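Asker: To start, I am sharing the structure in question, which I have written as structure tokens.
The values are calculated or read from the model by the stated rules, or taken from the named source; none is laboratory data. Treat the numbers as computed from the prediction; the structure is a model and nothing was measured. Virtual Cβ from ideal backbone geometry, glycine too; neighbours counted across all protein chains shown.
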Amino acid sequence: MPNKNTVWRRALRHPSFVAGGAMVLLMVLCAVLSMFWSPYPVGDIDIPNKLASPSAAHWLGTDSLGRDIGSLLLVGSQNSLLVGFIAVGIGLGVGVPLGLLASARRGWVEELIMRASDFTFAFPALLSAIMLTAIYGPGLVVSIVAIGIFNIPVFARISRGAANAVWARDFTAAARAAGQGPLAITLTHVLPNIASVLIVQATIQFAIAILAEAALSYLGLGTQPPQPSWGRMLNEAQSQMFQAPMLAVYPGAAIALAVLGLNLLGDGLRDVLDPRLARQR
């Protein structure tokens with residue numbers, strides 16, 4: 001493994017990592033700031049000032065209910081980050097152990113886990129959300145669970161494939177010859193060597209989770225009023241597309257920048273953490 005200081009210096013010289021990290025950091029700061037302060041309460045409705053143009057009072061204008069768009073964007077970032085963190089956490093917490101178990105045990109255990117992953121992978125987040133909504137009703141929790149379930153087979157496949165490559169290396173054979181069991185080898189040799197792959201995949205899945213949450217909220221299956229959501233802002237803006245097109249541009253741009261930032265960050269992390277790519281650069 002490369003030295004931490006070397007990795008950090010290499011990361012700061014990588015344009016994708018710096019640009020993506022700055023965009024993600026800005027999103028996190030907006031979400032944290034909105035927990036303590038926003039220009040206006042997101043629940044305040046001011047019909048006389050609906051569809052107001054950007055001004056000193058409302059930097060991005062107001063929507064069809066007179067709510068401040070800047071405040072809605074700030075608070076809406078909380079939902080995107082919350083869904084991303086928990087959904088990716090579910091994928092990592094369940095999918096990675098299953099993938100490592102499949103790689104370590106092989107045989108019927110591996111076959112059972114991989115076929116179960118294939119079955120789960122056949123149900124995209126949108127379909128899972130529709131089924132859960134029919135049972136429990138729409139809401140933020142439904143979005144988190146649906147996206148989290150979709151992430152489990154993704155991380156199971158990634159971790160199993162990467163772990164199989166590590167198990168074929170000479171140092172794992174030496175560890176087995178020294179008397180270490182599958183659990184000890186997995187924790188001390190396999191997991192540290194596939195950590196970089198999992199980190200990069202986590203950033204990609206985080207971006208997909210933000211897109212999925214926006215799509216579910218747009219369809220009315222995710223975040224419910226009065227809690228703001230970028231996806232629901234797009235839904236509410238579609239009826240005002242010709243009268244106030246910027247109502248759709250602002251949340252659309254927020255989603256695009258968040259996903260772009262995470263993709264750039266993941267691309268940078270892949271180059272920085274992979275020694276072969278680092279040498280090529």
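Asker: Here are some conditions: (1) closer than 16 Å to GLY222 by Cβ; (2) without any contact (Cβ under 8 Å) to a residue 24 or more places away in the chain. GLY76 meets all but one. Which one does it not meet?
Answerer: Just one mismatch for GLY76, condition (2).
Asker: When you scan the range 121-140, do you find a residue that is in contact with a Pro (Cβ under 8 Å, 6 or more places away or on another chain), closer than 25 Å to VAL190 by Cα and of a type outside the set (D, E, K, R), even just one?
Answerer: Checking the range 121-140: at least one residue is in contact with a Pro (Cβ under 8 Å, 6 or more places away or on another chain), closer than 25 Å to VAL190 by Cα and of a type outside the set (D, E, K, R).
Asker: OK, next. Among the residues of the range 132-156, which ones are surrounded by fewer than 23 Cβ atoms within 10 Å (Cβ to Cβ) and free of Cβ contacts under 8 Å to residues at least 60 places away in the same chain?
Answerer: LEU132, ALA134, ILE135, TYR136, GLY137, VAL141, VAL145, ILE149 - these are the residues of the range 132-156 that are surrounded by fewer than 23 Cβ atoms within 10 Å (Cβ to Cβ) and free of Cβ contacts under 8 Å to residues at least 60 places away in the same chain.
Asker: Hey, another quick one. Can you tell me which of SER77, SER38 is of a type in the set (Ser, Thr, Tyr), assigned to a helix (DSSP H, G or I) and either touching a helix residue (DSSP H, G or I) at 6+ places or on another chain (Cβ under 9 Å) or closer than 30 Å to GLN243 by Cβ (or both)?
Answerer: Only one candidate passes the filter, namely SER77.
Asker: So GLY179 fits all but one of (1) small (Gly, Ala, Ser); (2) touching a helix residue (DSSP H, G or I) at 6+ places or on another chain (Cβ under 6 Å); (3) modelled with pLDDT under 90; what number is the exception?
Answerer: Unmet condition: (2).
Asker: Additional query: Scanning for something within 16 Å of LEU219 (Cα to Cα), touching a residue at least 24 places away in the same chain (Cβ under 8 Å) and in contact with a helix residue (DSSP H, G or I) (Cβ under 6 Å, 6 or more places away or on another chain), does the range 108-120 turn up at least one residue?
Answerer: no
Asker: Can you report the number of residues in the range 46-59 which are surrounded by 12 or more Cβ atoms within 10 Å (Cβ to Cβ) and either in contact with a Gly (Cβ under 8 Å, 6 or more places away or on another chain) or over 23 Å from MET246 (Cβ atoms) (or both)? Can you show your working first?
Answerer: Of the range 46-59, the ones surrounded by 12 or more Cβ atoms within 10 Å (Cβ to Cβ) are 46, 49-52, 54, 57-59.
Subsequent filtering for residues that are either in contact with a Gly (Cβ under 8 Å, 6 or more places away or on another chain) or over 23 Å from MET246 (Cβ atoms) (or both) retains 46, 49-52, 54, 58-59.
Number of matching residues: 8.
Asker: Okay, next question. Please go through (1) surrounded by fewer than 20 Cβ atoms within 10 Å (Cβ to Cβ); (2) in contact with a Leu (Cβ under 8 Å, 6 or more places away or on another chain) for ASN164 and return the number of the only condition it doesn't satisfy.
Answerer: It is condition (2) that ASN164 fails.
Asker: Now a separate question. Can you pull out every residue in the range 198-213 that is surrounded by fewer than 24 Cβ atoms within 10 Å (Cβ to Cβ) and of a type in the set (Asp, Glu)?
Answerer: Scanning the range 198-213 gives no hits.
Asker: Find the residue count for the range 219-236, including only residues that are over 17 Å from ILE130 (Cα atoms) and either over 18 Å from the mean Cα position of the chain (by Cα) or surrounded by fewer than 24 Cβ atoms within 10 Å (Cβ to Cβ) (or both).
Answerer: Result for the range 219-236: 8.
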